[in-house]
Each structure stands twice: as C-alpha cells, then as structure tokens.
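Asker: Here's a structure for you.
The values are calculated or read from the model by the stated rules, or taken from the named source; none is laboratory data. Small disclaimer: the values here were computed from a predicted structure and weren't measured. Cβ placement follows ideal geometry from the backbone for every residue including glycine, while neighbour counts extend to all protein chains displayed. Just so you know, the surface numbers come from the protein's heavy atoms only, side chains and all, with ligands and any DNA or RNA stripped out. Shrake-Rupley method; radii C 1.70, N 1.55, O 1.52, S 1.80 Å.
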Amino acid sequence: MIKQAKFLISNTDYKKCPSPDKPEFAFIGRSNVGKSSLINMLSNQKNLAKTSGTPGKTQLINHFIIDNNWYLVDLPGYGFAKVSKVLKAEWDKMIREYLTQRDNLEAVFILIDSRLDPQKIDLEFTYWCAERGIPFALVFTKADKQSVTKTKANVDKFLGEMKTLYGDLPDHFVTSAETGIGKEDLIAYIEENVAEFYQK
Ligand code: GTP
Ligand code: MG
C-alpha cells in the first residue's frame, strides 16, 4: 500500500533526473494505453499523473517519489502517430537513453491494452528491452472493458507470441485503473524489488 506519493520533476534528459540512490520503476506503453491512470490507481491519488482522452498527453520523463523510498516514473507513450518525425525521433532518443543509462532502474512496466490482439509495436518494444537486458514486466490494462475470458484470451495470445519469438516468459499482471484489479499484486512485486535494491 502506497501511503505518500509526490511529484518531483519532469525532464527531457536522463542525466538531469533525481540522484539514482533509490530504486526506480518506470511505466511505458503505447500512447493512451492507460499509464497515467494506472499510476494514479496505484498511488491512490486521482490527479497525481495527468490523464487524458487525447493521446500524447505525457511528453516528459516524470519522476514521482513514493513513501520517500522509491521512484515511480511516468514516461511518454510510443506509437503516437500525430507527431512530426523530428519530435518522434527526439522522444525515441530520450526514452531509449533513459532506459539504457538509468542505473537505479529496477523494472520497466510495459503496458499493453488487454482489449487488443498482440500489436507489433508492443512486441517490438518488448524485444528491444529483452535484447538489452532491461528488466521488464508486462502490465495488461483496461481489463474492466471486456469479459475475463476475452482478457485472458488476449493475454495468452501476447504471451504466446513472446514465447515463440523470445523463448522466455516475463512476469505479467492484469489490471484495471477503473476497478483496481491487479493493484495488490503489482505493489507487492514493486515492494519485493525495492527490498532487493536496498540489500545490494
Ligand atoms: P499518454 O500519456 O497520452 O501516453 O496516455 P496514457 O497511457 O497515460 O493514458 P491515460 O492514463 O491518460 O488514459 C487514456 C484514456 O484511457 C483515458 O480516457 C482513461 O480514462 C482511459 N483509461 C485508462 N485506464 C483505464 C482502465 O483501466 N479502464 C477504463 N475503462 N479506462 C481507462
Ligand atoms: Mg500519460
């Protein structure tokens, strides 16, 4: 359970991010997948991360400090079509540098829309992380939007694709920012990793 969550700072450059002395967990995924909503759900605050029906709302590396113990990071979504090529290249560089250079990054949560069949862009991003040894887990979002059966079918399809192409299965969670499904499991996973960070 998160008791206190505070916004710290927004950056375009990982080098300017807060001192890497606490474990860090970043949330990424396609634009509009529900990253900011999930962060608000986890932290029990309605408006901690800005949400919007319009894709592309989050454009910076946003740091939040949780219980004075770990950092939570809201990252801009990938795959947002309505931005210029130059802007897209800048976002890519910012995110890729952050993910590969940030020393205290314990896990990246890759958010996947549970309503959809496996999307190429999500699979590609997942492999990109796997190839570089960036620790990640999958978080399927918006599970309230369809039946449990349909969600499970889509999750299984995505994991099936991963197994075929990558051979290994990452940890995964099914969530809803609307109903709070998955919250306890995700927090427990983070807390385990926080404890490991401080034991190093
Ligand atoms: P960007 O910052 O633009 O990349 O988007 P984001 O991934 O942060 O998505 P955001 O949290 O802003 O949510 C996008 C839309 O999906 C909003 O209209 C949310 O209300 C809606 N939404 C997000 N999560 C859920 C969920 O679990 N269930 C339902 N029903 N709607 C959700
Ligand atoms: Mg957002």
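Okay, residues lined up against (1) touching a helix residue (DSSP H, G or I) at 6+ places or on another chain (Cβ under 9 Å); (2) under 21 Å from TYR78 (Cβ atoms); (3) more than 16 Å from ligand 2 (Cβ to nearest atom):
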{"residue": "ASP92", "(1), (2), (3)": "no, yes, yes"}
{"residue": "ARG96", "(1), (2), (3)": "yes, yes, yes"}
{"residue": "TRP128", "(1), (2), (3)": "yes, yes, yes"}
{"residue": "LEU169", "(1), (2), (3)": "yes, no, yes"}
{"residue": "GLY180", "(1), (2), (3)": "yes, no, yes"}
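Asker: Could I ask something else about it? For the stretch 17-39, enumerate the residues that are modelled with pLDDT of 95 or more, in contact with a strand residue (DSSP E or B) (Cβ under 9 Å, 6 or more places away or on another chain) and of a type outside the set (A, V, I, L, M, F, W, C).
Answerer: Within the stretch 17-39, PRO18, PRO20, LYS22, PRO23, GLU24 meet the criteria.
Asker: Related question: Quick check on the stretch 7-41: of everything there that is open to solvent by 20 Å² or more (accessible area, probe 1.4 Å) and of a type in the set (Asp, Glu), which residue is farthest from ILE66 (Cα to Cα)?
Answerer: Among those residues, the one meeting the criterion is ASP13.
Asker: Please specify each residue of the stretch 161-185 satisfying the condition of being in contact (Cβ under 8 Å) with a residue 40 or more places away in the chain and exposed (fewer than 14 other Cβ atoms within 10 Å of the Cβ).
Answerer: Scanning the stretch 161-185 gives LEU165, GLY180.
Asker: Going by the structure shown, is ALA130 assigned to a loop (DSSP other than H, G, I, E, B) and under 17 Å from the mean Cα position of the chain (by Cα)?
Answerer: No.
Asker: Can I ask one more? Give me the residue from the stretch 65-94 that is open to solvent by less than 10 Å² (accessible area, probe 1.4 Å) and β-branched (Val, Ile, Thr) and, out of that set, farthest from ARG132 (Cα to Cα).
Answerer: The extreme case among them is ILE66.
Asker: Which ones in the stretch 25-47 are on the phi < 0 side of the Ramachandran plot, touching a residue at least 40 places away in the same chain (Cβ under 8 Å) and polar (S, T, N, Q)?
Answerer: SER31, SER37, ASN40, SER43, GLN45
Asker: Still on this model: Would you check which residues across the stretch 108-129 are open to solvent by less than 10 Å² (accessible area, probe 1.4 Å) and under 14 Å from ILE28 (Cβ atoms) and list them?
Answerer: VAL108, PHE109, ILE110, LEU111, ILE112, ASP122, THR126, CYS129
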